[in-house]
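The values are calculated or read from the model by the stated rules, or taken from the named source; none is laboratory data. Small disclaimer: the values here were computed from a predicted structure and weren't measured. Methodologically, a virtual Cβ is constructed for each residue, glycine included, from the backbone with ideal geometry; neighbour enumeration extends over all protein chains shown.
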Amino acid sequence: MQSTSHAFPDNARAAVKNPQLKKALNHVKAGFIDKRAKAAAKLPEFEDLRDAARDIKNHTLAHLDLYLEAYEARITEQGGHVHWCGTAAEARDKILEICRAAGAKTVTKGKSMIAEEIALNDHLEANGIEPIETDLGEYIIQLRKEPPSHIIAPAVHLTKDQIEADFRDHHDHLPAERNLEEPAALVAEARGILRERYVQADVGITGANFLIAENGASVIVTNEGNGDLTQTLPKVHIVVASLEKVVPTLEDVSVILRVLARSATGQEFSSYTTFSTGPRRAGDLDGPEEYHVVLLDNGRSGMLGTEYQDALRCIRCGACMNHCPVYHAIGGHAYGWVYPGPIGAVLTPSLIGVEEAGHLPNASSFCGRCEAVCPMRIPLPKMMRHWREREFERHLTPLPLRAGLGVWAFFARRPALYHLFAGLKTRALGALGRRRGRFRKLPLAGGWTAHRDLPAPQGPTFQQLWAERKRDGQGRPAASA
Amino acid sequence: MTDRRAEILGRLRRSLKAVAETPGRGEAVQARIGAKARGPVPARSDLPRREMVTLFVEQAEAVATSVARVAGDGEVPQAVADYLKGQNLPAEVRISPDPALEGLAWSEQPLLKVESGRARLEDATSVTAALAGVAETGTLMLASGPTAPTTLNFLPENHIVVLRASQVVGPYEDAWDRLRAAEGEGQLPRTVNFITGPSRTGDIEQTIQMGAHGPRRLHVILVEDEGQA
């Protein structure tokens with residue numbers, strides 16, 4: 001999809017002023033955090049499983065070429081086809097080619113972030129093939145012609161009332177006076193409309209949560225069952241997956257599945273975890289006649305062996321964004337590309353370049369909650385810091401900030417000078433702000449005072465206090481004793 | 001496209017500073033796939049048989065699967081008829097073309113219409129057989145095959161699954177061992193479904209709604225075939 005990541009500051013400013021969005025995002029804070037904490041607390045082995053999950057992916061990434069070859073060999077043996085694609089354009093062309101060969105008019109789709117990454121729907125539409133999203137959230141945003149704003153809850157930025165209005169607009173063959181007050185009525189309406197479409201579709205496209213080298217299975221995890229209808233009813237099933245989805249064995253995938261749903265929705269297990277290995281076999285009464293796997297690189301091979309390799313462990317559970325104060329404030333669209341939140345802040349510069357997405361790693365207070373909840377223990381803050389360093393090295397940081405950092409660095413390397421000036425500044429500010437106790441405006445500090453007051457310093461600096469306590473033999477400030 | 005394959009694998013190897021033949025790498029991969037080593041397995045399902053079955057039932061009910069326990073195969077048709085009546089559903093079922101299900105005493109339920117085959121759009125209720133029940137999370141394992149069409153698990157609004165107590169295992173790994181024993185090393189049926197409760201969605205304001213696309217109701221008929229301890 002077309003990125004607007006370069007406009008992140010403007011996107012974010014608009015997002016925080018959107019009351020509808022604010023209302024919808026409250027559900028993220030209220031729902032996901034509590035449910036995940038409860039699910040984690042209920043399983044004594046949860047932390048051990050996180051360690052094991054991390055180790056499985058590290059091992060796999062270190063042998064990624066070989067596991068992919070093993071996976072491909074099994075698929076081929078079982079009558080499926082693997083298509084290696086270097087770029088988004090190659091992947092969408094390959095998918096179009098398969099759809100055309102099948103004479104496809106309509107294509108049903110399960111939820112797939114890779115399909116978003118390669119902007120598949122636009123490409124199919126432009127070539128006369130109608131893609132139909134079947135995941136309820138994806139269906140809603142397809143009606144609205146919007147990208148997803150969350151990797152597991154694509155319509156999380158919308159309120160029930162907005163969805164009701166969209167259904168009334170688009171489902172105009174249904175009686176206008178029908179009652180859509182309850183969410184259940186909306187779910188039932190979408191169910192009814194999509195059932196026919198599942199059966200009519202010529203091709204079904206799904207993503208994959210995992211690919212298993214041992215037996216060539218692709219795994220999808222859903223709660224709705226839409227992915228299963230999508231891959232079982234049409235005569236062609238296309239799996240679109242990125243390279244790093246492969247894991248060695250069923251035992252390995254079992255470990256990761258135990259942390260996936262708990263981290264994502266707080267469920268112990270999602271309703272449907274489906275392993276599919278190829279086309280219909282002799283005697284089968286249903287299932288696809290053709291089975292294709294489109295394997296996408298799109299920049300991932302370049303992340304391997306760098307300080308960003310750990311991000312390839314990601315299993316797209318969404319826990320990092322569910323726990324991110326920045327995401328809570330601005331939602332997913334402001335990030336401007338496919339992957340929002342902390343993982344998006346790390347992945348987006350890796351996949352589309354730091355020139356386009358350099359703002360994203362700055363959208364963090366480094367509170368560390370993302371890393372604390374990541375089931376794969378991805379050091380997200382550390383990686384955002386790496387991107388900030390790259391941004392600085394490449395002179396992409398704005399000039400005033402670079403100049404300010406230069407001045408600060410000059411003093412930071414000279415402790416005596418630093419303490420002298422810090423002491424003077426503190427005293428001066430303390431004296432100036434004595435009456436009000438705070439500053440509404442301050443030269444060179446507009447970035448701070450635009451949003452909040454700066455408290456006036458009171459008394460000596462921390463370093464002075466520290467030295468004083470040490471002299472008194474206490475070793476640490478009395479306040480924390 | 002063959003070029004793409006070589007190109008991508010080449011890029012991966014350059015990034016990993018390895019070649020395919022780097023000593024030890026291929027062996028490490030083969031050993032890992034061969035060993036099928038288990039990670040940390042939650043202790044919660046490490047229980048004597050009867051308690052394991054009880055855990056399965058509790059976990060299944062916790063995710064809105066309903067469970068009826070019957071003493072033997074002979075009682076299954078009655079249990080199906082009772083369930084349909086209790087839920088006010090039409091007395092019609094589509095069963096999988098599985099001799100174990102087709103051979104049940106359906107004729108004792110003259111009011112119940114029983115047909116076998118793959119699911120049709122108009123089918124309200126299906127009856128299928130499970131391969132295993134995983135006590136850890138109340139999960140059913142179903143596998144596709146000529147006698148087990150996958151559409152029966154997803155298309156009808158109501159899904160009834162016949163599970164034997166002797167098929168209940170503790171963790172997922174034990175279910176995989178059973179499947180490997182049946183299918184052979186490294187082989188899976190075309191499709192394996194882990195099913196944990198009815199279809200649901202949280203896509204509208206994070207409120208959980210049942211019956212998004214798959215079955216609204218999931219009912220397990222648990223056949224007690226292990227004797228009373």
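Which numbered condition in (1) buried (at least 18 other Cβ atoms within 10 Å of the Cβ); (2) facing chain B (nearest Cβ under 9 Å); (3) over 19 Å from A:GLU289 (Cα atoms) is the only one that A:ALA188 fails?
(1)
I'm checking my understanding of the structure. Among residues of segment A:37-82 that are of a type in the set (Gly, Ala, Ser) and more than 10 Å from chain B (Cβ to nearest Cβ), which one is surrounded by the fewest Cβ atoms within 10 Å (Cβ to Cβ)?
A:ALA41
Scan segment A:88-99 and give yes if some residue there is within 9 Å of chain B (Cβ to nearest Cβ) and touching a helix residue (DSSP H, G or I) at 6+ places or on another chain (Cβ under 8 Å), otherwise no.
Looking for residues that are within 9 Å of chain B (Cβ to nearest Cβ) and touching a helix residue (DSSP H, G or I) at 6+ places or on another chain (Cβ under 8 Å), one finds at least one in segment A:88-99, hence yes.
Hey, could you check segment A:266-307 for residues that are assigned to a strand (DSSP E or B) and either aromatic (Phe, Trp, Tyr) or facing chain B (nearest Cβ under 9 Å) (or both) and say which is surrounded by the most Cβ atoms within 10 Å (Cβ to Cβ)?
A:SER276
Checking A:LEU120 against (1) of a type in the set (A, V, I, L, M); (2) in contact with a Lys or Arg (Cβ under 6 Å, 6 or more places away or on another chain); (3) within 29 Å of A:GLU307 (Cα to Cα), which test does it fail?
Condition not satisfied by A:LEU120: (3).
Can you tell me which residue among A:PRO375, A:PRO400 is without any contact (Cβ under 8 Å) to a residue 40 or more places away in the chain and not small (Gly, Ala, Ser)?
It is A:PRO400.
Could you figure out which of (1) more than 17 Å from A:LEU61 (Cβ to Cβ); (2) more than 7 Å from chain A (Cβ to nearest Cβ); (3) without any contact (Cβ under 8 Å) to a residue 40 or more places away in the chain; (4) surrounded by 12 or more Cβ atoms within 10 Å (Cβ to Cβ) isn't true of B:ARG4?
The failed condition is (2).
If you scan segment B:163-192, which residues turn out to be more than 16 Å from A:SER254 (Cβ to Cβ) and more than 7 Å from every other protein chain (Cβ to nearest Cβ)?
Hits for segment B:163-192 are B:LEU163, B:ARG164, B:ALA165, B:SER166, B:GLN167, B:VAL168, B:ALA181, B:ALA182, B:GLU183, B:GLY184, B:GLU185, B:PRO189.
Is it the case, given these coordinates, that A:GLU251 is in a helix (DSSP H, G or I), over 30 Å from A:ILE352 (Cβ atoms) and not polar (S, T, N, Q)?
For A:GLU251, the condition - in a helix (DSSP H, G or I), over 30 Å from A:ILE352 (Cβ atoms) and not polar (S, T, N, Q) - is met.
Do any helices (runs of 4 or more DSSP H) entirely within segment A:37-146 hold 1 or more residues that are under 23 Å from B:ARG190 (Cα atoms) and in contact (Cβ under 8 Å) with a residue 24 or more places away in the chain, and if so, which?
Details: elements: A:46-62, A:64-77, A:88-101, A:113-117, A:120-126, A:136-144.
Answer list for segment A:37-146: A:64-77, A:88-101.
Being within 7 Å of chain A (Cβ to nearest Cβ), surrounded by 24 or more Cβ atoms within 10 Å (Cβ to Cβ), more than 30 Å from A:THR159 (Cα to Cα) and not aliphatic (A, V, I, L, M), is that true of even one residue in segment B:204-220?
no
Name the single residue that is farthest from the chain's Cα centre (by Cα) among those in segment B:193-229 being aliphatic (A, V, I, L, M) and over 26 Å from B:VAL70 (Cβ atoms).
If we take residues in segment B:193-229 being aliphatic (A, V, I, L, M) and over 26 Å from B:VAL70 (Cβ atoms), then B:ILE204 is farthest from the chain's Cα centre (by Cα).
Going by what's in this entry, would B:ILE195 be described as surrounded by 24 or more Cβ atoms within 10 Å (Cβ to Cβ), facing chain A (nearest Cβ under 7 Å), in contact with a helix residue (DSSP H, G or I) (Cβ under 7 Å, 6 or more places away or on another chain) and of a type outside the set (Lys, Arg)?
Answer is yes for this residue.
Residue by residue through segment A:344-381, note down the ones that are of a type in the set (Asp, Glu) and farther than 18 Å from A:ASN11 by Cα. Before the answer, list the steps.
Our first condition is that a residue be of a type in the set (Asp, Glu); within segment A:344-381, this holds for A:355-356, A:371.
Scanning segment A:344-381 gives a single hit, A:GLU371.
Residue-wise test of (1) out of contact with any helix residue (DSSP H, G or I) (no Cβ under 7 Å at 6 or more places or on another chain); (2) surrounded by fewer than 22 Cβ atoms within 10 Å (Cβ to Cβ); (3) closer than 22 Å to A:GLY266 by Cβ; (4) not assigned by TED's automatic domain parsing to the domain that holds A:GLN267.
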site: A:GLY341; (1), (2), (3), (4): no, no, yes, yes
site: A:GLY344; (1), (2), (3), (4): no, no, yes, yes
site: A:LEU347; (1), (2), (3), (4): no, no, no, yes
site: A:VAL354; (1), (2), (3), (4): no, yes, no, yes
site: A:ALA357; (1), (2), (3), (4): no, no, no, yes
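Being assigned to a loop (DSSP other than H, G, I, E, B) and touching a residue at least 40 places away in the same chain (Cβ under 8 Å) is the filter here; which residues of segment B:200-229 pass it?
B:GLY211, B:HIS213, B:GLY214, B:PRO215, B:ARG216, B:GLU224, B:ASP225, B:GLU226, B:ALA229, listed by residue number.
Out of segment A:350-376, which residues are modelled with pLDDT of 95 or more and outside any helix (DSSP H, G or I)?
A:CYS367, A:GLY368, A:CYS374, A:PRO375, A:MET376
How many residues are small (Gly, Ala, Ser) and without any contact (Cβ under 8 Å) to a residue 12 or more places away in the chain when one looks only at segment B:61-104?
Here the count works out to 2.
Which of the numbered conditions does A:SER263 fail, given that it passes all the others? Conditions: (1) surrounded by fewer than 23 Cβ atoms within 10 Å (Cβ to Cβ); (2) among the hydroxyl-bearing types (Ser, Thr, Tyr); (3) more than 10 Å from chain B (Cβ to nearest Cβ).
In the conditions (1) surrounded by fewer than 23 Cβ atoms within 10 Å (Cβ to Cβ); (2) among the hydroxyl-bearing types (Ser, Thr, Tyr); (3) more than 10 Å from chain B (Cβ to nearest Cβ), A:SER263 misses (1) alone.
Can you spot a residue in segment A:39-58 that is aromatic (Phe, Trp, Tyr) and in contact with a strand residue (DSSP E or B) (Cβ under 9 Å, 6 or more places away or on another chain)?
Taking every residue of segment A:39-58 in turn, none turns out to be aromatic (Phe, Trp, Tyr) and in contact with a strand residue (DSSP E or B) (Cβ under 9 Å, 6 or more places away or on another chain).
Note down all Cβ pairs under 6 Å where the first residue falls in segment B:105-123 and is within 10 Å of B:VAL93 (Cα to Cα), the second is acidic (Asp, Glu), and they're at least six residues apart or on different chains.
Listed by first residue and then by second, the contacts come to B:LYS113/B:GLU92; B:SER116/B:GLU102.
Mind checking which pairs have a first residue in segment B:29-43 that is at the interface with chain A (Cβ under 7 Å from one of its Cβ atoms) and within 13 Å of A:VAL247 (Cα to Cα) and a second that is among the charged types (D, E, K, R) and in a loop (DSSP other than H, G, I, E, B), Cβ under 6 Å, 6 or more apart or different chains?
As it stands, the answer is B:ILE33/A:GLU214, since those pairs meet every condition given.
Yes or no, residue by residue, for (1) modelled with pLDDT of 95 or more; (2) under 17 Å from A:ARG50 (Cα atoms); (3) under 23 Å from the mean Cα position of the chain (by Cα); (4) not aliphatic (A, V, I, L, M):
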| position | (1), (2), (3), (4) |
| --- | --- |
| A:ALA261 | yes, yes, yes, no |
| A:GLY266 | yes, yes, yes, yes |
| A:ASP297 | yes, no, yes, yes |
| A:LEU304 | yes, no, yes, no |
| A:GLY318 | yes, yes, yes, yes |
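Within segment B:60-67, is even one residue in a helix (DSSP H, G or I), surrounded by 14 or more Cβ atoms within 10 Å (Cβ to Cβ) and not assigned by TED's automatic domain parsing to the domain that holds B:LEU112?
Scanning segment B:60-67, I find no residue that is in a helix (DSSP H, G or I), surrounded by 14 or more Cβ atoms within 10 Å (Cβ to Cβ) and not assigned by TED's automatic domain parsing to the domain that holds B:LEU112, so the answer is no.
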